[in-house]
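Down below is the structure, laid out as structure tokens.
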Amino acid sequence: GDLDELALIKRGALLFAILNPYNSRDHVAAYAAAGVNAFAMEFMPRITRAQVMDVLSSQANLAGYKAVVDAASEYGRAYPMMMTAAGTVPPARAFIMGVGVAGLQAIATAKRLGAIVSATDVRPAVKEQVQSLGGSFVAVENDEFKQAETAGGYAKEMSDDYKRQQAALVAEHIKKQDIVITTALIPGRKAPILVTREHVASMKPGSVIIDLAVEQGGNVEGSELGKVVTTENGVKIVGHANYPSRIAESASLLYAKNLLALLQALHDKEKGITLNWDDEIVKAIAL
């Protein structure tokens, strides 16, 4: 919230919210100065007990869905193949870069709308998830890849040679795509560039790229926060801010449930809301 609202909160109060702490260090300092106990919902640990409180997942899920719907409305053609008496409409090709919560929902949604869907991710372990949703996985599947696959589901640093081969494969693949959706975020750091100016220049006129990481600097070179940019070669790069707000009622419904679940976990019949500083949820989210 705005810092002038902070004056309205009494000292010692508990504030639970999506606070974007990495990019709002001045706000974090202001909470401390005002004696407000601030808790960032983004820092919710990825443990079973906290799944129902995981705002990043609840909101990313909606962003992945809405990105595909937005791409459909920006794209001047149909997603599914349509065989009609007047001729055949070819299916759209959608490529999802980054297979986290948003990416998985984007794959599922694009598939339901009838697109030919492919996806890529630095974690080999997600290959099966992509295939189970009807997408094809784009990766150089050599021995190094197969070894990385057993590394417990986390991204393993690949060799420069592997990265070169993978980059070449992706560059070839992007040329044929109609829709590209990028979802890669690294907490506390600038988003990695996945789609370069060269990639964009190689795409067909009328193609649509949605950059879900635009607020963190963007995965796509040339994306602009809060704008839809049309490039010289006729590619639309969509950089809407605050994606969950574009599907606000659903976002609020899920976020309310996340907050309620947290308050229920912190609530004690006798004492009301109590903070147990040994609880890993409290420890993780406290600023």
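The values are calculated or read from the model by the stated rules, or taken from the named source; none is laboratory data. Since we're looking at a predicted model, the values are computed, not measured. Virtual Cβ from ideal backbone geometry, glycine too; neighbours counted across all protein chains shown. The area values use the complete protein model at the heavy-atom level, side chains included, leaving out ligands, DNA and RNA. Shrake-Rupley method; radii C 1.70, N 1.55, O 1.52, S 1.80 Å.
Structure values in brief
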{"read-out": "Of all residues making up the stretch 256-267, the number that are touching a residue at least 40 places away in the same chain (Cβ under 8 Å) and either aliphatic (A, V, I, L, M) or more than 15 Å from L56 (Cα to Cα) (or both)", "value": "5"}
{"read-out": "Condition check for I285: touching a residue at least 60 places away in the same chain (Cβ under 8 Å), more than 14 Å from the chain's Cα centre (by Cα) and either open to solvent by less than 50 Å² (accessible area, probe 1.4 Å) or on the phi > 0 side of the Ramachandran plot (or both)", "value": "yes"}
{"read-out": "Helices (runs of 4 or more DSSP H) wholly inside the stretch 194-287 containing at least 2 residues that are of a type in the set (A, V, I, L, M, F, W, C) and in contact with a strand residue (DSSP E or B) (Cβ under 7 Å, 6 or more places away or on another chain)", "value": "248-266"}
{"read-out": "Flag for V200 being in contact with an Asp or Glu (Cβ under 8 Å, 6 or more places away or on another chain) and over 15 Å from V99 (Cβ atoms)", "value": "yes"}
{"read-out": "For M97: the one exception among (1) open to solvent by 30 Å² or more (accessible area, probe 1.4 Å); (2) within 20 Å of V195 (Cα to Cα); (3) in contact with a strand residue (DSSP E or B) (Cβ under 9 Å, 6 or more places away or on another chain)", "value": "(1)"}
{"read-out": "From the options R246, R189, residue that is under 16 Å from the mean Cα position of the chain (by Cα) and farther than 25 Å from A115 by Cα", "value": "R189"}
{"read-out": "Check on A92, among the aliphatic types (A, V, I, L, M), open to solvent by less than 60 Å² (accessible area, probe 1.4 Å), modelled with pLDDT of 95 or more and touching an Asp or Glu at 6+ places or on another chain (Cβ under 6 Å)", "value": "yes"}
{"read-out": "Residues that are open to solvent by 10 Å² or more (accessible area, probe 1.4 Å) and under 14 Å from the mean Cα position of the chain (by Cα), drawn from the stretch 194-211", "value": "L194"}
{"read-out": "Count of the stretch 67-111 residues which are part of a helix (DSSP H, G or I) and within 28 Å of G226 (Cβ to Cβ)", "value": "18"}
{"read-out": "Test result for L253, in contact (Cβ under 8 Å) with a residue 40 or more places away in the chain, over 27 Å from P205 (Cα atoms) and not charged (D, E, K, R)", "value": "no"}
{"read-out": "Of all residues making up the stretch 227-243, the number that are within 16 Å of the chain's Cα centre (by Cα) and either farther than 18 Å from T183 by Cβ or hydroxyl-bearing (S, T, Y) (or both)", "value": "1"}
{"read-out": "Selected residue (criterion: farthest from S245 (Cα to Cα)) from residues of the stretch 31-72 that are touching a strand residue (DSSP E or B) at 6+ places or on another chain (Cβ under 9 Å) and surrounded by fewer than 17 Cβ atoms within 10 Å (Cβ to Cβ)", "value": "A32"}
{"read-out": "Filter pass, V228 being touching a Ser or Thr at 6+ places or on another chain (Cβ under 8 Å) and either open to solvent by 50 Å² or more (accessible area, probe 1.4 Å) or modelled with pLDDT of 95 or more (or both)", "value": "no"}
{"read-out": "Residue among G76, G135, G87, G103 that alone is within 21 Å of V208 (Cα to Cα) and surrounded by fewer than 18 Cβ atoms within 10 Å (Cβ to Cβ)", "value": "G76"}
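Results for (1) among the aliphatic types (A, V, I, L, M); (2) without any contact (Cβ under 8 Å) to a residue 24 or more places away in the chain; (3) within 16 Å of I281 (Cβ to Cβ), shown as yes or no for each residue.
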{"residue": "A7", "(1), (2), (3)": "yes, no, no"}
{"residue": "R11", "(1), (2), (3)": "no, no, no"}
{"residue": "Y22", "(1), (2), (3)": "no, no, no"}
{"residue": "R25", "(1), (2), (3)": "no, yes, no"}
{"residue": "A29", "(1), (2), (3)": "yes, yes, no"}
{"residue": "A34", "(1), (2), (3)": "yes, no, no"}
{"residue": "A40", "(1), (2), (3)": "yes, no, yes"}
{"residue": "D54", "(1), (2), (3)": "no, no, yes"}
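Per-residue answers, yes or no, for (1) of a type in the set (D, E, K, R); (2) at pLDDT 95 or above; (3) in a helix (DSSP H, G or I); (4) open to solvent by 10 Å² or more (accessible area, probe 1.4 Å):
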| residue | (1), (2), (3), (4) |
| --- | --- |
| V117 | no, yes, no, no |
| V122 | no, no, no, yes |
| G153 | no, no, no, yes |
| V170 | no, yes, yes, yes |
